[in-house]
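Asks: The structure's right below; bear with me while I get my questions together.
The values are calculated or read from the model by the stated rules, or taken from the named source; none is laboratory data. Quick caveat: nothing in here was measured; it's all calculated off a predicted structure. Note that we place each Cβ from the backbone using ideal geometry, even for glycine, and neighbour counts take in every protein chain shown.
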Amino acid sequence: MVSTSSEQHRAYLVACMHYTRDLAAEANAMARAARAHGGKVDRDAGLAVVMARELTDICSRLQEADIRVRQPLGQGRLSSLIHSMYDPDHPIDHIQAMTKRNAWPAELDAMEPTYLQAKTRESSTRAPGATPPPG
């Protein structure tokens, strides 16, 4: 009997922007410019514009370096990724009905000092569903 298996490896880029005076000033400038053109834009929306521009620049630079950029993770994809981290039976690309609420475990059991057991909302039993790590 021959058994085959395949693993898919993915790399994720997490971009962080420190909220500095310069960033705040740029966000305010973006909001003022949008308001001058008749838009209803607050500082948070101005900050979102700046962040989107920076992410677009990062993605362009990665593509120039021949690194394929698939897409930013929306709520469903990010929720599914988080869910798959503690529930290995959950496929990463299963994004139907994935929300912020069901990304996280419904319950965590921390009775054992060396591991956590997670219970998902899909569990059919009241007992935590994860198994302890081998070893």
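Asks: Report, by residue number, each residue of region 41-72 that is among the β-branched types (Val, Ile, Thr) and more than 18 Å from Val14 (Cβ to Cβ).
Replies: Passing the criteria: Val41, Val49.
Results for (1) surrounded by fewer than 16 Cβ atoms within 10 Å (Cβ to Cβ); (2) modelled with pLDDT of 90 or more; (3) touching a Pro at 6+ places or on another chain (Cβ under 7 Å); (4) in a loop (DSSP other than H, G, I, E, B), shown as yes or no for each residue.
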position: Glu26; (1), (2), (3), (4): no, yes, no, no
position: Lys40; (1), (2), (3), (4): yes, no, no, yes
position: Met51; (1), (2), (3), (4): yes, yes, no, no
position: Arg68; (1), (2), (3), (4): yes, no, no, yes
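Asks: Would you be able to say whether some residue in region 75-86 is surrounded by fewer than 16 Cβ atoms within 10 Å (Cβ to Cβ), touching a helix residue (DSSP H, G or I) at 6+ places or on another chain (Cβ under 7 Å) and in contact (Cβ under 8 Å) with a residue 60 or more places away in the chain?
Replies: No: zero hits.
Asks: Sticking with this structure for a sec: Would you mind stating whether Asp87 is at pLDDT 85 or above and of a type in the set (D, E, K, R)?
Replies: In short, no.
Asks: Give me a count of the residues in region 14-41 that are among the acidic types (Asp, Glu) and out of contact with any helix residue (DSSP H, G or I) (no Cβ under 6 Å at 6 or more places or on another chain).
Replies: Number of matching residues: 1.
Asks: Continuing with this model, one more query. Looking at region 73-93, which of its residues are under 17 Å from Tyr12 (Cα atoms), outside any helix (DSSP H, G or I) and of a type outside the set (D, E, K, R)?
Replies: Within region 73-93, Leu73, Gly74, Pro91, Ile92 qualify.
Asks: Restricting to region 94-123, and then to whatever is surrounded by fewer than 12 Cβ atoms within 10 Å (Cβ to Cβ), assigned to a loop (DSSP other than H, G, I, E, B) and out of contact with any Leu (no Cβ under 9 Å at 6 or more places or on another chain), can you tell me which residue is modelled with the lowest pLDDT?
Replies: Per the stated criteria, the residue is Arg121.
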